[in-house]
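Colleague: Mind having a look at this structure? Questions to follow.
Only the coordinates and a few stated rules stand behind these numbers; no lab work does. Computed from a prediction, not measured in an experiment: that's the story for all the values here. Positions of Cβ are backbone-derived with ideal geometry, glycine not excepted, and every protein chain shown enters the neighbour counts.
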Amino acid sequence: MEPSPEVTAAHSAWSGSTLLDADVYAEPLVCGNAVYVATEENTVYAINASSGAIIWHTHLGTPVTSSTLPCGDIGPTTGITGTPVIDMATGILYAVAFLSSNQHVLFGVNVDNGSVVSQVVVDPSGADPTAEQERGGLAIANGYVYVVYGGLFGDCGDYHGWVVAAPLSGSGGLLSYMVPTHREGGIWAVAGLAIAANGNLYVTTGNGDSSTTFDHGDAVIELSPTLSEIGYFAPTNWATLNSQDDDLGTVAPTLLPNGDVFQVGKEGVGYLLSGSNLGGIGGQVANITVCSSAYGGTAAVGMSVFVPCVDGVIDVVVGASNLSVAWQTSSFDAGSPIVTGNVVWAVNIPRAILFGFNISTGKQLFSFPLASADHFISPAAGPGSVYVAGGDQLFAFALS
């Protein structure tokens with residue numbers, strides 16, 4: 001993949017923004033000359049990347065009325081929350097819609113015309129769908145669509161972290177892995193899971209409910225393509241993290257070019273883990289305090305990891321056996337960053353502003369207002385453009 005060209009200027013590309021039928025928590029997807037956006041009303045849109053005109057939209061079913069759920073902070077409806085994924089080989093977009101029947105259904109949608117080509121219920125056997133939230137992004141690998149689950153905001157109900165694998169072929173049943181906590185241990189970071197070159201998966205969990213026996217809460221877990229557990233890592237203070245709701249899994253694992261893993265969470269401590277052996281409890285290669293608290297998904301270029309924190313974006317440089325902080329922006333509650341060429345983009349969530357920072361220094365280069373910004377919002381990049389869903393609107397910014 002060729003590096004993105006250097007960005008010297010940026011401006012609003014559309015005179016207005018594209019209005020959608022509900023808020024967007026998922027990251028937009030750019031494919032060809034279209035941007036695909038999924039809403040909490042269970043609607044998928046294909047939008048012309050150049051003009052902002054709606055090409056097609058498909059409503060996948062009535063969403064759940066949020067007030068009927070035992071807790072949560074998304075409303076008034078809960079529909080598609082996790083970021084969909086596009087199978088480039090077949091031109092099918094996969095999205096998990098939460099339907100009013102209290103079922104999570106994986107839909108396959110033709111990217112050219114919006115027609116529904118497949119659908120399958122992906123609630124794991126024995127799970128309570130009303131207590132599970134499909135917040136993390138979907139992923140395609142090894143002939144499967146992988147789906148992750150965590151709990152609702154408020155940690156209500158009898159939920160667990162789950163990974164579910166649905167065959168792309170449509171034949172054969174679902175595979176599933178349940179985090180072996182007594183309760184909780186959700187996999188809810190917005191970036192979902194990470195997939196290594198050998199097809200193995202890495203997920204990170206939130207707090208379990210044990211403070212005496214290790215239960216895989218607040219852990220990084222490695223799984224085989226068919227969801228057998230291979231190994232795990234947990235900080236030595238996992239019991240404190242469990243009891244204080246200091247989820248390690250507020251951020252998904254970051255895979256580095258050498259196969260190692262970087263992990264940071266709500267406590268703000270960054271861990272460097274060996275990709276060949278996660279190390280068990282206290283088995284990190286190195287650790288460093290990165291920031292006050294981190295949420296969302298990282299962006300990585302080479303051995304630099306750009307971390308979204310409540311006090312700005314931080315550039316963490318990964319060495320062979322150490323971590324260091326290269327720069328930190330001014331303090332703001334940062335959404336998940338992306339990188340285009342020499343610019344790191346991230347949204348100031350409380351102020352609903354898209355910022356662009358110099359990748360080498362962290363100096364602010366660009367600033368654009370949005371209508372609003374939902375938690376953990378992430379921009380998306382296309383050829384010469386950056387797209388951001390702000391509430392129920394989509395914004396486009398041209399780069400030159």
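Colleague: For 104, 160, 59, what ranking results if the residue with the fewest other Cβ atoms within 10 Å of its Cβ goes first?
Modeller: Placing the least packed residue first, the sequence is 59, 104, 160.
Colleague: For the chain, modelled as a Gaussian network with Cα springs under 10 Å, which listed residue fluctuates most, 121, 386, 147?
Modeller: Of the options given, 121 has the highest mean-square fluctuation.
Colleague: Another question, if that's okay. As an exercise, find the ratio Rg/Rh for the chain from alpha-carbon atoms, using the Kirkwood inverse-distance average for Rh.
Modeller: Ratio of gyration radius to Kirkwood radius: 0.94.
Colleague: Provide, in order from the shortest bin, the percent of all Cα-Cα pairs of the stretch 1-116 in each 10 Å bin, continuing until the bin that contains the maximum pair distance.
Modeller: Pair shares across the bins are 14, 41, 29, 13, 3.
Colleague: Let me have the 222 nm mean residue ellipticity of the chain computed from DSSP H runs of 4+ only, each contributing -39500 (n - 2.57), with the sum over all residues rounded to the nearest 500. The partial results should precede the final answer.
Modeller: Values: 1 runs with 7 residues, N = 400.
Helix contribution divided over all residues of the chain: -500 deg cm²/dmol.
Colleague: Sum up the charges of everything whose Cβ sits under 14 Å from the Cβ of residue 31, counting Lys and Arg as +1 and Asp and Glu as -1, but leave residue 31 out.
Modeller: Neighbour charge sum, excluding residue 31 itself: -3.
Colleague: Per the chain: cysteines with no other Cys C-beta under 4.7 angstrom?
Modeller: When partners are defined as cysteine Cβ atoms under 4.7 Å apart, the chain leaves 31 without one.
Colleague: Right, something else. Compute log10 of I(q)/I(0) for the stretch 201-275 with the Debye formula, placing one identical point scatterer on every Cα and leaving out solvent, at q = 0.14 Å⁻¹, to two decimals.
Modeller: Cα-only, vacuum Debye calculation for the stretch 201-275: -0.40.
Colleague: How many percent of Cα pairs in the stretch 260-400 exceed 23 Å?
Modeller: 33
Colleague: Output needed: percent of Cα pairs per 10 Å distance bin for the stretch 341-388, bins running from 0 to the one holding the longest distance.
Modeller: 26, 56, 18
Colleague: Give the whole-number value, in cubic angstrom per residue, of the convex hull volume spanned by the C-alpha atoms of the stretch 80-154.
Modeller: 96
Colleague: Quick one: longest stretch of the chain between exposed loop trypsin sites (Lys or Arg not before Pro), exposed meaning at most 15 other C-beta atoms within 10 Å and loop per DSSP?
Modeller: 1-350
Colleague: Where the centroid of each part is defined by its Cα atoms, how far is the stretch 221-275 from the stretch 54-129 in Å?
Modeller: Between the Cα centres of the stretch 221-275 and the stretch 54-129 lies a distance of 27 Å.
Colleague: Using all alpha carbons of the stretch 214-253, what is the percent of pairwise distances in each 10 Å bin, ordered from the shortest bin to the longest?
Modeller: 29, 51, 19, 1
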